[in-house]
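The values are calculated or read from the model by the stated rules, or taken from the named source; none is laboratory data. Keep in mind that this is a model prediction, so the values were computed, not measured. Cβ placement follows ideal geometry from the backbone for every residue including glycine, while neighbour counts extend to all protein chains displayed.
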Amino acid sequence: MCWCLAQLVKRLIPTALTLSISVGAYGQEAPSTFDAAAAEARKAGIAEYRVGNFAQAEFLLRRALEHAEHNNDVYGAALNRVALADIYQAQGLFPKAEQIYEEGISVFRQTKQVHALAITLRNLAAVQTAKQKYPESIRHLEEASMLAKTIVPPDFELEIRILDAFGLTYFKQGKIEKAQECFKRAIDIASTLGLGTGNMVDANLGQTLNNLASTYEYKRQYREAANTYTRALRVTEEQFGRTHPQFVNTLNNLGYFYLNTGRYQEAEAQFRESLAIAERGGPGFNDVLIRTLHALGKIHMKRNEDAQAEAALSRAIGIVRGSAGNRTEAADVLETYSRLLLDQARRIRVSLGSTIDIRDVK
C-alpha cells in the first residue's frame, strides 16, 4: 500500500509552519531600541505564541508595536510586525503573512540587520512553500542559509529551522530522499546540542521528528514511522505540554498512520485522546475538532458502524457551519459523509433485492 503524497503533505503543514520567534536572535541586535514597556509586551507576546495562545500573543505584540511606532523605532516596529506575521502564518493566513515578511525583509536589508533578515527569509520561504511557490522558497532558503553561517555566536535553532523548511519544500515536490536527508540533519544537530538539557530549549525537535516520520510512512517503512511519530509525541509533550496544538496534531498524525495501516483500535485511541484535548481547548481548536471527528467517522465506516460514523461526521459538519472562514477540511468531510450515505443506500438496495421473491415480479 502506497500513501498519496498530497495526503501526507496535509499532515506536515500544521506543525511545519508553526514557527517560533527567537528572542535572542531578534532581540540582541539592537536591545536599546525598545523601551521597558515595549520589551515586556514583546517578551510576553512571544511566550504566549510559543504555547499556542495566538489571540493573546497578537494582543501583546500589537501593544509592543504601538510603543515602537510611538518612539519612531523603525527596526523595533519591523520586528513586531514580523512577529505578528508568524502568528498569521501559524493560523494559515499565508497571503497576509507573506506581505508582512516581505516588508520586514526590506527594512532589515536597509538597516543591515543580518540575523533578523535570515530568520525572516526563512519564515517567508515557509509561507511560499505552503503556497506552492517552490523556486522562490528555495531561493530564500539558500540566502537564509548563507546568512546564518555568518552569525556569531551561531544560531543553531535557525539552522535547524532552515533545514526543516528545505525538507518540507522537497517533500511537497516529491523529492522524498532529499527531504529525509534534511530532516535527519536537523535532528542530528538538535540531538548533538542536547535538546531539553537547557542548551536548545527553543529548537522544535518534535516538529522535525513528525516530518521525518511522514517520509518513513511514504516509503512504507512502517516500523520507523511508528517509532518516529511516537518519539515526536514524547518530545513535543516534554517541550510544550499535552494541550499545545502541535502535540494534538502529532497525535492525529499517529492516528492517521494507524488508520492507513488497518490498526483501527490503536487509531481510535489516538483520535479519542485528541478529541478530549480539543474539546477543552475552545474555539481555537475547531480545526482540530473537525479533523479528529472526520477521522473517527472514517474508522466507524471501516467497521460498518453507520450510526457512529454519521454522528461523528454530522458533528464535524456542524462545527464547519458554525465557524467563521473557510475550513480546509470541510470539502473532505462532506465527501466522506456523501460516501457514507451512498454506501448505506447501496446496502439497502441489496437488502431489498434479496428479500423480493421472483414470483412477485410481474
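Of the listed requirements (1) of a type in the set (A, V, I, L, M); (2) farther than 27 Å from Lys184 by Cα; (3) buried (at least 19 other Cβ atoms within 10 Å of the Cβ), Leu254 misses just one: (2). In segment 203-245, the qualifying residues are those that are farther than 23 Å from Glu177 by Cα and touching a Ser or Thr at 6+ places or on another chain (Cβ under 6 Å), and the one that is modelled with the lowest pLDDT is Thr236.
Filtered by the rule that a residue be surrounded by fewer than 24 Cβ atoms within 10 Å (Cβ to Cβ), over 17 Å from the mean Cα position of the chain (by Cα) and β-branched (Val, Ile, Thr), segment 73-88 gives a lone residue, Val74. No other residue among Ala38, Ala25, Ala55, Ala64 is in a helix (DSSP H, G or I), at pLDDT 75 or above and within 23 Å of the chain's Cα centre (by Cα) apart from Ala55. Against the test of being more than 29 Å from Thr215 (Cα to Cα), in contact with a helix residue (DSSP H, G or I) (Cβ under 8 Å, 6 or more places away or on another chain) and either assigned by TED's automatic domain parsing to the domain that holds Ala55 or touching a residue at least 24 places away in the same chain (Cβ under 8 Å) (or both), the options Leu293, Leu340, Leu233 yield a single qualifying residue, Leu340.
Contact map, segment 102-120: first residue more than 13 Å from Met146 (Cα to Cα), second residue polar (S, T, N, Q), Cβ cut-off under 7 Å, separation 6 or more or different chains; pairs are Gly104/Thr120; Ile105/Thr120; Phe108/Thr120.
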